[in-house]
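The values are calculated or read from the model by the stated rules, or taken from the named source; none is laboratory data. Just so it is clear, the model here is predicted, and its values are computed rather than measured. Here the Cβ is made from the backbone with ideal geometry for all residues, glycine too, and neighbour counts use every protein chain on show.
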């Protein structure tokens, strides 16, 4: 038993039929097996194979079709590829499966549409991958040092891109050949003609291509499984944004602002989240106050980063804090600083592999911010754990 | 550019419609009718028959009347009968034109 090693387009029906018939003469017969179609060895004999498009569910034909076909000497073998069924006949001179090319061409219309959609989906996917790559490169080249730290590609990411490129080119070429084969066959049939030979020039792939292709696909699969597993182990404590939304506000800024302004203040919060190769958790809580009907002011924003390693946290901290910023001793933080920035004040603190940033819309309130920081840190730890 | 469905029936399609003119029939009876009617000149493959029956049903040229186990029986609709007569007229014109041309030779 072996896998059917057919190297042409799977939708070039005449070529596939000729190949299956040649295989039968050598003693290899297509059969359906547990894991799909397989070639089973037997006594060499003449068998006729016909492929028929089918615009319906995968699997055996319905009872009426099966009965009709069997009565005229044709047995269903298996589904060759999506929407293409294989029938075989072992009787010496069976009635052809199709005797009216125009009627036969009707069956190829949905196949044509499906092949075009498949190609369009691949092009879209390739565009998204390329867009992702361009976006990442653009970030690496032109972004701020902070973004460069957060969005730098790991060697695994580069491996993915290098693997995806040849696989996509190969897939695009093979999908394109499928479309050409289906179109040529449909046009022939619509003209009332039956194909007399393969529809495409048979390409003999170089000997090295199949093993290289298999190795690339295996690597890609391992990579995807590896990343999936890695993400689900290293991010086991990933906290969904809904949880942050429920936990917000992490401290009572409304009471604080009301007391400071001497009138009741109503704020609303917004939670934004993100992920990057270096930061499995990036959460930003923003407290807004309504100034006019359609105008809102950012009163305070709180950024929390859980990074891959303490070293990355240190790099991010150094990037966020200007050299002349005042270092402060804040409870629970390994390193902290407060500093004015335009008409706002900023607190940045680092502990373990985490960084917390508070950006408050009140000039000169450095001490207040320093006091708020431990509460914000405690809330982040509580929600994020 | 090839012919599209029902811009003109093919010979096979014409005979399939003809098979239902006088009686309700199942698939194998249609095959037998055509074989008998054309004195084995025209054979109908199972794939072609199945495709045509499905298409004719979709276009409401025939309709299913009974299902007994694996056997399904169909009958022609008014729309199918009209299309058959239209095609018959077209074929008659062809024959008349052909014969008149031949008479002048």
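When you scan region B:73-84, do you find a residue that is under 18 Å from residue A:107 (Cβ atoms) and in contact (Cβ under 8 Å) with a residue 12 or more places away in the chain, even just one? Checked against the condition, which is being under 18 Å from residue A:107 (Cβ atoms) and in contact (Cβ under 8 Å) with a residue 12 or more places away in the chain, region B:73-84 yields no hits at all. Of all the residues in region B:50-62, those that are out of contact with any strand residue (DSSP E or B) (no Cβ under 6 Å at 6 or more places or on another chain), more than 9 Å from chain A (Cβ to nearest Cβ) and over 19 Å from residue A:63 (Cβ atoms) number 4. Just one of the listed residues (A:23, A:41) is buried (at least 16 other Cβ atoms within 10 Å of the Cβ), more than 14 Å from every other protein chain (Cβ to nearest Cβ) and at pLDDT 85 or above, namely A:23. Taking the stated definitions as given, is residue A:339 part of a strand (DSSP E or B), in contact with a strand residue (DSSP E or B) (Cβ under 8 Å, 6 or more places away or on another chain) and either at pLDDT below 90 or surrounded by fewer than 21 Cβ atoms within 10 Å (Cβ to Cβ) (or both)? Yes: the conditions hold for residue A:339. Among the residues that make up region B:4-13, is at least one of them within 14 Å of chain A (Cβ to nearest Cβ), in contact (Cβ under 8 Å) with a residue 12 or more places away in the chain and touching a strand residue (DSSP E or B) at 6+ places or on another chain (Cβ under 9 Å)? No, region B:4-13 contains no residue that is within 14 Å of chain A (Cβ to nearest Cβ), in contact (Cβ under 8 Å) with a residue 12 or more places away in the chain and touching a strand residue (DSSP E or B) at 6+ places or on another chain (Cβ under 9 Å). Evaluation of residue A:30 against the conditions (1) free of Cβ contacts under 8 Å to residues at least 40 places away in the same chain; (2) in contact with a strand residue (DSSP E or B) (Cβ under 8 Å, 6 or more places away or on another chain) shows that the sole unmet condition is (1). Scanning region A:64-82 for residues that are farther than 23 Å from residue A:33 by Cβ and either touching a residue at least 24 places away in the same chain (Cβ under 8 Å) or facing chain B (nearest Cβ under 8 Å) (or both) returns A:64, A:67, A:68, A:71, A:72. Against the definition (touching a residue at least 60 places away in the same chain (Cβ under 8 Å) and under 37 Å from the mean Cα position of the chain (by Cα)), how does residue A:51 come out, yes or no? Here the answer is no, as residue A:51 does not meet what is asked.
Residue-level check: of (1) modelled with pLDDT of 95 or more; (2) surrounded by 11 or more Cβ atoms within 10 Å (Cβ to Cβ); (3) more than 30 Å from residue A:183 (Cβ to Cβ), residue B:16 misses just (3).
With the structure loaded, tell me whether residue A:106 is under 22 Å from residue A:193 (Cβ atoms), without any contact (Cβ under 8 Å) to a residue 24 or more places away in the chain and assigned by TED's automatic domain parsing to the domain that holds residue A:180 or whether it fails that test.
Details: under 22 Å from residue A:193 (Cβ atoms): yes; without any contact (Cβ under 8 Å) to a residue 24 or more places away in the chain: yes; assigned by TED's automatic domain parsing to the domain that holds residue A:180: yes.
Spelling it out, residue A:106 is indeed under 22 Å from residue A:193 (Cβ atoms), without any contact (Cβ under 8 Å) to a residue 24 or more places away in the chain and assigned by TED's automatic domain parsing to the domain that holds residue A:180.
Test residue A:122 against the stated conditions and say whether it is in contact (Cβ under 8 Å) with a residue 24 or more places away in the chain, over 30 Å from residue A:194 (Cα atoms) and either away from every other protein chain (no Cβ under 13 Å) or in a helix (DSSP H, G or I) (or both). The answer is yes for residue A:122. Where residues in region B:32-48 are in contact with a helix residue (DSSP H, G or I) (Cβ under 6 Å, 6 or more places away or on another chain) and at the interface with chain A (Cβ under 9 Å from one of its Cβ atoms), which of them is farthest from residue A:103 (Cα to Cα)? Checking each candidate, the answer is B:42. Kindly indicate whether residue A:8 is in a loop (DSSP other than H, G, I, E, B), outside the structural domain of residue A:213 (by TED's automatic domain parsing) and closer than 19 Å to residue B:49 by Cα. Criteria not met by residue A:8.
May I ask you to verify whether residue A:287 is part of a strand (DSSP E or B), modelled with pLDDT of 80 or more, assigned by TED's automatic domain parsing to the domain that holds residue A:352 and surrounded by 15 or more Cβ atoms within 10 Å (Cβ to Cβ)? Step through it out loud before you land on a result.
Numbers: part of a strand (DSSP E or B): yes; modelled with pLDDT of 80 or more: yes; assigned by TED's automatic domain parsing to the domain that holds residue A:352: yes; surrounded by 15 or more Cβ atoms within 10 Å (Cβ to Cβ): yes.
The answer is yes for residue A:287.
Determine whether region A:346-363 contains at least one residue that is assigned to a helix (DSSP H, G or I), assigned by TED's automatic domain parsing to the domain that holds residue A:303, at pLDDT below 85 and over 40 Å from the mean Cα position of the chain (by Cα).
The initial filter retains those residues of region A:346-363 that are assigned to a helix (DSSP H, G or I), namely none.
Checked against the condition, which is being assigned to a helix (DSSP H, G or I), assigned by TED's automatic domain parsing to the domain that holds residue A:303, at pLDDT below 85 and over 40 Å from the mean Cα position of the chain (by Cα), region A:346-363 yields no hits at all.
Of everything in region A:91-117, what is modelled with pLDDT of 90 or more and more than 13 Å from every other protein chain (Cβ to nearest Cβ)? Give them in sequence order. A:116, A:117 - these are the residues of region A:91-117 that are modelled with pLDDT of 90 or more and more than 13 Å from every other protein chain (Cβ to nearest Cβ).
Could you tell me whether residue B:18 is facing chain A (nearest Cβ under 8 Å) and touching a residue at least 12 places away in the same chain (Cβ under 8 Å)? It would help to see each step written out before you state the result.
Values: facing chain A (nearest Cβ under 8 Å): no; touching a residue at least 12 places away in the same chain (Cβ under 8 Å): yes.
Here the answer is no, as residue B:18 does not meet what is asked.
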